[in-house]
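Please read the structure below before turning to the comments.
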Amino acid sequence: MIKKARKAVEKEEQELRDHPGDMFTPPNIFENGVGHFWGIHETRAYMRARYHMVDVLLHVLGAPGGKIDAVQEALDHLLDMLRLCRGDNMGVRDVVPHLYIRLNRDQEAYDFVKWYATTGSESKYDWGDMDQPYLDIRDADVLEEPLETWSNGKYLSLGHVAAVTLIKVRILLDLQSAQNTTRALNGTIPPEIVGLIRNELIGSAVASRPDILMGSTEHLSKLIKKVKDQIVKLYRSVNEYNPHFWRLMLSSPVSAASQRPGMYSHETKEEACLMIGYCLASWVETPGAFQLMKDLSQTV
């Protein structure tokens, strides 16, 4: 399947490269049409074929617990598709953050979704102007309060808010692990050894913030409460926007993901199923994430 999908992409790419150009299609389209793919009709078959290849790659080799190289390749393809088609008519931006998370690149996932929630949401942003800033947020504060556009419970990017929620969940799990390790080992071995052990138990987002782990257990307790409150806020927002999402995600996520609807409307079961399909692997590959959300859902 993968070999066949790759050949289809190669065929479509070669046809585009061989295209001499006309009044609707510029010559040397991979140089002269960057950012405007899909809007140029001749590129659509290529973009569909490339997305199909990503889909096959993830399902055959990059399923939950699958080959990390396949996840990386899929991410590389999707990011390049966004470069070629900044307006993202195919909606591949909903898949990207979950692949970043699977690669333990939580900070990049957060920067990605925050750009779309800020600059990418501005009404005056010109998607056709390639000189406009694009995906240029770096090292945003993953501990900050959820943005209004994520937490207002109204129209929101469900796939992106699911990613932000998981990033917060992963941070919370790391903080709890660090706190438990400190409490269990404090006074039994040198503090620097405790620090080394804690560093082995945490993910990239917390590891990049050494100030967090240098604090006392009381400081960690306050931070744990802060992040947990943020997760509750995001959970409620998603539930208000689309009550199907958490109901399906916490009861029958595999069945929901297998639905793979070809189209959807906002706030529908179809939207929930599609987004669960995009994000399920990242949740499955985060031990403790589902249980944490199930426990939380019983208290909200």
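The values are calculated or read from the model by the stated rules, or taken from the named source; none is laboratory data. Only a predicted model underlies this, so the values are computations on that prediction, with no experimental measurement involved. All Cβ positions, glycine included, derive from the backbone under ideal geometry; neighbour counts span all protein chains shown.
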*Report whether or not residue 222 is assigned to a helix (DSSP H, G or I) and either crowded, with 21+ Cβ neighbours inside 10 Å or within 20 Å of the chain's Cα centre (by Cα) (or both).*
no
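Tally the residues that are β-branched (Val, Ile, Thr), assigned to a loop (DSSP other than H, G, I, E, B) and surrounded by fewer than 20 Cβ atoms within 10 Å (Cβ to Cβ), restricting the search to region 109-161.
Narrowing region 109-161 to residues β-branched (Val, Ile, Thr): 113, 118-119, 137, 142, 149, 161.
Restricting the remaining residues to those that are assigned to a loop (DSSP other than H, G, I, E, B) gives 118, 137, 142.
From the residues that got through so far, the ones that are surrounded by fewer than 20 Cβ atoms within 10 Å (Cβ to Cβ) too are 118, 137.
Result for region 109-161: 2.
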*So, of the residues in region 14-71 that are within 23 Å of residue 128 (Cβ to Cβ) and among the β-branched types (Val, Ile, Thr), which turns out to be nearest to the chain's Cα centre (by Cα)?*
34
*If you take the residues in region 204-219 that are exposed (fewer than 15 other Cβ atoms within 10 Å of the Cβ) and among the hydroxyl-bearing types (Ser, Thr, Tyr), which one is modelled with the lowest pLDDT?*
216
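Considering region 35-89 alone, what residues qualify as being small (Gly, Ala, Ser) and surrounded by fewer than 21 Cβ atoms within 10 Å (Cβ to Cβ)?
Within region 35-89, the first condition is being small (Gly, Ala, Ser), and the residues that meet it are 35, 39, 45, 49, 62-63, 65-66, 70, 74, 87.
Listed by number, the residues that qualify are 35, 39, 45, 49, 63, 65, 66, 70, 87.
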*asked:* Where the second residue is surrounded by 24 or more Cβ atoms within 10 Å (Cβ to Cβ) and not acidic (Asp, Glu) and the first is farther than 15 Å from residue 229 by Cβ and free of Cβ contacts under 8 Å to residues at least 60 places away in the same chain and lies in region 158-180, which pairs have Cβ atoms under 6 Å and are six or more apart or on separate chains?
replied: 174/206
*For residues that are part of a loop (DSSP other than H, G, I, E, B), touching a Ser or Thr at 6+ places or on another chain (Cβ under 7 Å) and buried (at least 18 other Cβ atoms within 10 Å of the Cβ), tally how many sit in region 90-108.*
1
*Are there any pairs, at least 6 apart or on different chains, whose C-beta atoms fall under 6 Å, with the first in region 126-148 and farther than 15 Å from residue 226 by Cα and at pLDDT 95 or above and the second assigned to a loop (DSSP other than H, G, I, E, B) and polar (S, T, N, Q), and if so, which?*
126/132
*So which residues in region 248-257 are more than 16 Å from residue 160 (Cβ to Cβ), within 20 Å of the chain's Cα centre (by Cα) and either free of Cβ contacts under 8 Å to residues at least 12 places away in the same chain or part of a helix (DSSP H, G or I) (or both)?*
248, 253, 254, 256, 257
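Given the structure, is residue 235 modelled with pLDDT under 95, within 18 Å of residue 160 (Cβ to Cβ) and either not in a loop (DSSP other than H, G, I, E, B) or not acidic (Asp, Glu) (or both)? If you could, list the steps in order and put the result at the bottom.
On the way: modelled with pLDDT under 95: no; within 18 Å of residue 160 (Cβ to Cβ): yes; either not in a loop (DSSP other than H, G, I, E, B) or not acidic (Asp, Glu) (or both): yes.
Considered against the rule, which asks whether it is modelled with pLDDT under 95, within 18 Å of residue 160 (Cβ to Cβ) and either not in a loop (DSSP other than H, G, I, E, B) or not acidic (Asp, Glu) (or both), residue 235 comes out as no.
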*Has region 28-49 got any residue that is free of Cβ contacts under 8 Å to residues at least 40 places away in the same chain, at positive phi and touching a Pro at 6+ places or on another chain (Cβ under 6 Å)?*
no
*Number of positions in region 137-175 that are acidic (Asp, Glu) and touching a helix residue (DSSP H, G or I) at 6+ places or on another chain (Cβ under 7 Å)*: 3
*Return a yes/no flag: does region 274-287 have any residue that is farther than 20 Å from residue 106 by Cα, touching a residue at least 40 places away in the same chain (Cβ under 8 Å) and surrounded by fewer than 18 Cβ atoms within 10 Å (Cβ to Cβ).*
no
